[in-house]
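A.B. asks: One structure, as structure tokens, below. Some questions next.
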Amino acid sequence: MSRNDDTTLRLSGLKPGRYNYGFTLGKEFFEDFGNEEIRDGEVKIEAILEKTERVTTVKITLQGEVTTLCDRCLGEMKVPIEGEERLVLRFSDTEESDDENVAILPEGANEIDLSQWLYEYVAVRIPLQHSHEEGGCDPETVRYIKSEEELQQEKEENGEVDPRWEALKKVMSDE
């Protein structure tokens with residue numbers, strides 16, 4: 001999987017202090033991850049790396065939107081993305097961390113590729129259920145959905161029951 005060099009921060013030679021980075025995640029970035037849910041996007045990233053004698057942290061600010069599919073009509077829709085994250089960098093050849101906000105890098109690492117973290121920070125901001133605002137869905141799809149719902153409602157009003165339910169009721173009463 002190719003990675004965008006823009007999301008790689010150089011660590012070697014940095015003296016204690018603050019370093020600002022900025023870049024934009026676009027369609028190519030999201031395609032590299034092979035997830036069909038995020039079809040496109042433009043998310044601006046501001047990363048502030050703060051290095052002290054003891055700790056190195058990266059404060060990440062996300063602002064933009066991604067394109068995904070509506071759960072109701074399967075049409076494309078834009079979902080706003082915004083937020084802040086903090087990533088702590090630790091250097092160790094033996095230590096492991098279960099904390100998702102801690103990156104363990106080998107001693108003497110020269111750089112860190114933030115792309116996986118950035119992708120995950122964007123992905124978790126997409127709501128589990130996403131659909132267009134009322135009236136924003138594809139009218140043809142909505143017409144089909146409504147006609148199916150209306151047909152089902154008519155059957156229920158006329159007392160018609162799916163024969164599979166009748167068979168299940170019969171099996172249950174025999175027990």
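The values are calculated or read from the model by the stated rules, or taken from the named source; none is laboratory data. What you are looking at is a predicted structure, and each value in this text was computed from that prediction instead of being measured. Note that we place each Cβ from the backbone using ideal geometry, even for glycine, and neighbour counts take in every protein chain shown. These area figures cover heavy atoms from the full protein model, side chains too; ligands, DNA and RNA do not enter into them. Shrake-Rupley method; radii C 1.70, N 1.55, O 1.52, S 1.80 Å.
A.B. asks: Given (1) under 29 Å from Cys137 (Cβ atoms); (2) touching a residue at least 12 places away in the same chain (Cβ under 8 Å); (3) out of contact with any strand residue (DSSP E or B) (no Cβ under 8 Å at 6 or more places or on another chain); (4) not β-branched (Val, Ile, Thr), identify the lone condition not met by Glu31.
C.D. replies: Among (1) under 29 Å from Cys137 (Cβ atoms); (2) touching a residue at least 12 places away in the same chain (Cβ under 8 Å); (3) out of contact with any strand residue (DSSP E or B) (no Cβ under 8 Å at 6 or more places or on another chain); (4) not β-branched (Val, Ile, Thr), Glu31 violates only (2).
A.B. asks: Can you pull out the residues in the stretch 39-66 that are in contact with a helix residue (DSSP H, G or I) (Cβ under 7 Å, 6 or more places away or on another chain) and either open to solvent by less than 20 Å² (accessible area, probe 1.4 Å) or β-branched (Val, Ile, Thr) (or both)?
C.D. replies: Hits for the stretch 39-66 are Gly41, Val43, Ile45, Ile60, Leu62, Val66.
A.B. asks: Is one or more of the residues making up the stretch 44-67 in contact with a His (Cβ under 8 Å, 6 or more places away or on another chain) and touching a residue at least 24 places away in the same chain (Cβ under 8 Å)?
C.D. replies: First pass over the stretch 44-67, keeping only residues in contact with a His (Cβ under 8 Å, 6 or more places away or on another chain): none.
No, because not a single residue in the stretch 44-67 is in contact with a His (Cβ under 8 Å, 6 or more places away or on another chain) and touching a residue at least 24 places away in the same chain (Cβ under 8 Å).
A.B. asks: Would the stretch 113-126 turn up any residue that is farther than 25 Å from Pro16 by Cβ, free of Cβ contacts under 8 Å to residues at least 24 places away in the same chain, surrounded by 11 or more Cβ atoms within 10 Å (Cβ to Cβ) and not β-branched (Val, Ile, Thr)?
C.D. replies: For the stretch 113-126, residues farther than 25 Å from Pro16 by Cβ, free of Cβ contacts under 8 Å to residues at least 24 places away in the same chain, surrounded by 11 or more Cβ atoms within 10 Å (Cβ to Cβ) and not β-branched (Val, Ile, Thr): present.
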